[in-house]
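K.L.:
Just dropping this structure here.
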Amino acid sequence: MQSKSNYMQVTPLREYVKQMRKRYGLTQTDLSEKAGVGLRFIRELEQGKETLRIDKVNQVLSLFGAEMAPAPMDKSKLKI
């Protein structure tokens, strides 16, 4: 088993979006308007809702030059 130090540090999506929104001085309303998604979606995203549409997540992330992509995970979390 690989140690955690071999894995890239990962920021949870909800924290990343909130940090980037604040870095650019945007309110949740501003972000929703610029990304073309609803305010409720932004709120749910920043609250860590587990079931969100990936296309809408990518609409938001694209404003910050990012997108969702597969990332390595701790093999001990595999369920197969």
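K.L.:
Under the rule of -39500 (n - 2.57) per DSSP H run of 4 or more residues, summed and divided by the residues of the chain, what mean residue ellipticity at 222 nm is obtained, to the nearest 500 deg cm²/dmol?
P.N.:
On the way: 4 runs with 36 residues, N = 80.
Calculated from helices alone, the mean residue ellipticity at 222 nm is -12500 deg cm²/dmol.
K.L.:
For SER62 and LYS22, calculate 0.36 nm times their separation in residues minus their Cα-Cα distance, and state this gained length in nm to one decimal. Mind showing how you got there, number by number?
P.N.:
Details: separation 40, 0.36 × 40 = 14.40 nm, distance 1.58 nm.
My answer for the length gained is 12.8 nm.
K.L.:
I'd like to know which of VAL60, PRO12, THR27 lies farthest towards the positive end of the charge dipole of the range 11-67, counting +1 on Cβ of Lys and Arg and -1 on Cβ of Asp and Glu.
P.N.:
THR27
K.L.:
Three principal axis extents, largest first, for the C-alpha atoms of the chain, in Å?
P.N.:
Principal extents (largest minus smallest coordinate, Cα): 44, 26, 19 Å.
Every read-out reported here was derived from the displayed coordinates using simple, explicitly stated rules and does not represent laboratory data. Since we're looking at a predicted model, the values are computed, not measured. Every residue, glycine among them, receives a Cβ derived from its backbone with ideal geometry; neighbour counts consider all protein chains shown.
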